[in-house]
Ligand code: NAD
């Protein structure tokens, strides 16, 4: 049996379900994506989101602003999108140019349209177990684990990385699944002694190969959130893939693991928003 948890396959399954639901909905969910500047990686991410929207029958608007756009100008654009009843989801592509404060911009997005789930209000809903928009990458990890019927209840899940966008929301989502959760980070002493305890280890650090085989328990489930571009141009995760796969019972590859799920969960959140206002 293959040990690979195929994020492309899970993603396609969820996208097909979304497409079916859209065809019955009577309105087109509409996602507006704002991008400031010409960062090549951000452009690629935004284009991928745009294409994914069209593939499932959503309307998608891309608003491209020059790098010198001021914070005030960006806030005006967001205000307009907030007021537009035909827009169900707003996403501001990060990172923003240095002169614009990210937190100010994210907090300006109407919470009802915050399909990235980064607004403090959404974070509060998640923390208190109330229904809201779950941050897409973290939600994508849970979706993959569920698809492969990985038992989470009672399992010991170790998350490596404590960012607002991946590690922290995963704490809550795994607790919601009744896992016992440990979080490791850059100040953790003896990372291996922590990861070795994990039934499920999720790595979201951004350092190629930081999780090596000696850090993983035999039979553990390994989820690699990392996306790192090597000097050779090759895309790799945070897991030393081949040796870790030998010991793991299930593992996500990079590319083709968590990556495709992030946009899929963004589509799911936008559909959820459109259904609320319908
Ligand atoms: P971040 O830089 O915000 O956070 C990295 C985390 O790793 C921090 O919490 C830090 O404490 C921890 N860390 C750093 N060095 C460490 C060490 N030596 N030992 C243990 N922990 C350490 O990064 P992020 O935004 O959470 O992204 C992490 C990785 O996931 C990146 O490679 C990023 O590209 C990738 N990512 C992928 C997706 C996706 O769609 N698959 C989405 C978001 C991020």
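If you take the alpha carbon atoms of region 223-278 and fit the smallest convex hull around them, that volume is 87 Å³ per residue.
For region 156-213, the alpha carbon positions stretch 28, 23, 17 Å along the principal axes, listed from largest to smallest. Sorted from greatest to least, the principal axis extents spanned by the alpha carbons of region 1-69 come out as 51, 38, 11 Å. Rounded to the nearest 500, the 222 nm mean residue ellipticity of the chain from helices alone is -13000 deg cm²/dmol, with -39,500 (n - 2.57) taken per DSSP H run of at least 4 residues. Counted by neighbouring Cβ atoms within 10 Å, the residues 158, 87 run from fewest to most as 87, 158. Using the basic label-point model (7 angstrom from Cα toward the beta carbon), what is the residue 27 to residue 76 distance in nanometres? Using points 7 Å along Cα→Cβ, the separation is 2.8 nm. Using C-alpha pairs below 8 Å separated by at least 6 residues, the relative contact order for the chain is 21 percent.
Among 53-59, 135-141, sorting by the average number of other beta carbon atoms lying within 10 angstrom of each residue, highest first, gives 135-141, 53-59.
Semi-axis lengths, largest first, of the ellipsoid equivalent to the chain are 32, 21, 18 Å, with √(5λ) applied to each eigenvalue of the Cα gyration tensor.
Across region 30-164, the relative contact order, built from alpha-carbon pairs under 8 Å that are at least six residues apart, equals 22 percent. Can you work out D for region 1-149 in µm² s⁻¹ from Stokes-Einstein, where Rh is the Kirkwood radius over C-alpha pairs, the temperature is 20 °C and the viscosity is 1.002 mPa s? D, rounded to a whole number, is 128 µm²/s.
Measuring spread by the Cα atoms of region 127-232 yields a radius of gyration and Dmax of 13.4, 44 Å.
Its Cα gyration tensor gives region 81-164 an equivalent ellipsoid. The semi-axes, each the square root of 5 times an eigenvalue, are 28, 16, 12 Å from largest down.
Of all beta bridges that DSSP places with both ends in the chain, some 5 percent have antiparallel geometry.
Computed from the coordinates by the stated procedures, all read-outs in this text should not be read as laboratory data. As the structure is a computational prediction, the values presented were derived from the model and not from experiment. FYI the Cβ positions are ideal-geometry reconstructions off the backbone, even for glycines, and counts take in every protein chain you see.
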